[in-house]
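Asks: Quick one: the structure is below, and I'll ask about it shortly.
A short reminder: the numbers here are calculations on the coordinates, not readings from a lab. In this text the structure is predicted, and so the values were computed from the model without any measurement. Because the Cβ atoms are built from the backbone with ideal geometry, glycine has one as well, and the counts that use them run over all protein chains shown.
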Amino acid sequence: MSQPAEGGTSARTRRPIDRIGTTVLNELVQSIVTGEYSPGDLLPPEAPLSAEFGVSRTVIRESMKRLQEKGMVTVVQGRGTHVTPFTSWNVLDPLVLSAMIRHDSTLGVLEDLSIVRAALEAAMAAGAAGSVDEDGRARLHRRLEAMNERVHDSTAFRQADVDFHIEVMELSGNDLAENIARFLIAHAVSSDRYTGVDPERAFEITLGEHQRIVDAISARDREAARVAMHEHILGSWERRRLPSDKRA
């Protein structure tokens with residue numbers, strides 16, 4: 001069982017033993033993401049961190065190793081632990097990306113995420129158009145019909161929307177792009193600011209955009225499919241932005 005640092009009193013609430021390591025790591029990641037510790041900063045030594053969190057030095061040491069695996073710090077013997085620049089972070093690490101989205105005060109992360117997602121899914125739509133067969137066309141039409149049937153149920157409609165995009169990804173045959181895009185979608189939809197608000201006739205507009213994607217893929221028009229998917233994802237993101245987040 002982990003013990004508090006010798007001679008020190010925990011500055012934080014004691015956690016159950018099975019959550020201690022995860023909680024310490026989460027808070028350290030959050031401190032780096034929010035800029036409490038900036039690139040180049042030296043993190044406190046093990047003893048002060050041990051006292052602050054009320055855990056053993058072993059827990060702190062393990063947390064530092066995991067931060068290093070995420071690319072957020074460098075540990076140099078005799079020189080301490082320094083925070084690395086953002087460009088070194090593994091932003092596809094679930095803990096890192098979740099923290100970035102959660103503390104995205106300017107929407108910069110969600111904006112970039114939308115751009116990356118649009119590029120990936122546009123490429124996959126083009127790939128699907130290049131190889132689609134009758135079975136693939138039928139699958140897309142079934143997904144589109146499922147969305148149409150759920151237009152009066154926002155939760156069900158959004159899930160059908162995600163299912164449509166996953167269908168396109170699978171038809172593309174690009175497993176790597178699909179893996180990354182699925183990951184981005186899963187983390188984006190957990191953010192209320194990404195989900196945003198639905199303007200008037202939002203679902204009808206979305207259905208029209210999806211119809212254009214289906215038509216382009218079905219016609220095996222790679223460029224039209226790429227453009228239709230790209231415009232849909234970026235346009236949908238812009239429509240959903242909260243009024244207070246609208247760009248001037």
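Asks: Report relative contact order for the range 17-88 in percent, whole number only (criteria: Cα-Cα under 8 Å, sequence separation at least 6). Walk me through the intermediate numbers first.
Replies: On the way: 70 pairs, mean separation 25.7, N = 72.
In percent, rounded to a whole number, it is 36.
Asks: Treating only the Cβ of Lys, Arg, Asp and Glu as charged (+1, +1, -1, -1), what charge dipole size does the range 17-88 show about its Cα centre? Round to the nearest 20 debye.
Replies: My answer is approximately 200 debye.
Asks: For the Cα atoms of the chain, what angle does the longest principal axis make with the long axis of helix 134-149, in degrees from 0 to 90, nearest 10?
Replies: 80 degrees
Asks: Related question: Roughly speaking, what % of Cα-Cα pairs in the chain are separated by over 24 Å, rounded to a whole number?
Replies: Pairs farther apart than 24 Å: 56 percent.
Asks: Follow-up. Which whole-Hz couplings ³J(HN,Hα) result when phi for each residue of the range 172-180 is put into the Karplus expression 6.51 cos²θ - 1.76 cosθ + 1.60, θ = phi - 60°, listed in order with x for Gly and Pro?
Replies: So the Karplus estimates, Gly and Pro as x, are 5, x, 8, 5, 5, 4, 4, 4, 5 Hz.
Asks: Let me ask another. Rank the residues K65, K70 as a footprinting-exposure proxy: fewest other Cβ atoms within 10 Å of their Cβ go first. Write down the numbers at each step before the final one.
Replies: Numbers: K65 13, K70 20.
Least crowded to most crowded, the residues run K65, K70.
Asks: Turning to a different aspect of this structure: Would you mind pulling out the separation of the Cα centroids of the range 148-216 and the range 83-125, in Å?
Replies: Here the answer is 18 Å between Cα centres.
Asks: In the range 151-248, which GluC sites (Glu not before Pro) are in a loop and have at most 16 other Cβ atoms within 10 Å, using DSSP for the loop call? Could the numbers behind the result be given before it?
Replies: Numbers: sites: E167, E170, E178, E200, E204, E209, E223, E231, E238; in loops: E200.
Sparse-neighbourhood loop GluC sites (Glu not before Pro): E200.
Asks: How large is the helix-only mean residue ellipticity at 222 nm for the chain, computed as the sum of -39500 (n - 2.57) over DSSP H runs with n ≥ 4, divided by its residue count, in deg cm²/dmol to the nearest 500?
Replies: -21000 deg cm²/dmol
Asks: Which FRET efficiency value, to the nearest 0.05, do you get for E200 and A138 by plugging their Cβ-Cβ distance into 1/(1 + (r/R0)^6) with R0 = 25 Å? Before the final figure, lay out each step's value.
Replies: Numbers: r = 32 Å, r/R0 = 1.29.
Using R0 = 25 Å, I get an efficiency of 0.20.
Asks: Within 12 Å, Cβ to Cβ, of I101, how many net charges do the neighbouring residues add up to if Lys/Arg are +1 and Asp/Glu are -1? Intermediate results must be reported in sequence, preceding the final value.
Replies: Details: positive: R102, R193; negative: D104, E111, D112, D192.
Net local charge, I101 excluded: -2.
Asks: Taking the chain as a Gaussian network, where each spring joins two C-alpha atoms under 10 Å apart, which residue of Q159, Q68, Q211 fluctuates the most?
Replies: Q159
Asks: If amide H atoms are built 1.01 Å from N in the plane of the peptide, which residues on other chains or at least 5 residues away come under 5 Å of the amide H of V73?
Replies: Q68, T84
Asks: While we're here: Of the candidates A156, A126, A118, which one comes out as most mobile in a Gaussian network treatment of the chain with C-alpha springs shorter than 10 Å?
Replies: Most flexible of the set in this elastic network: A156.
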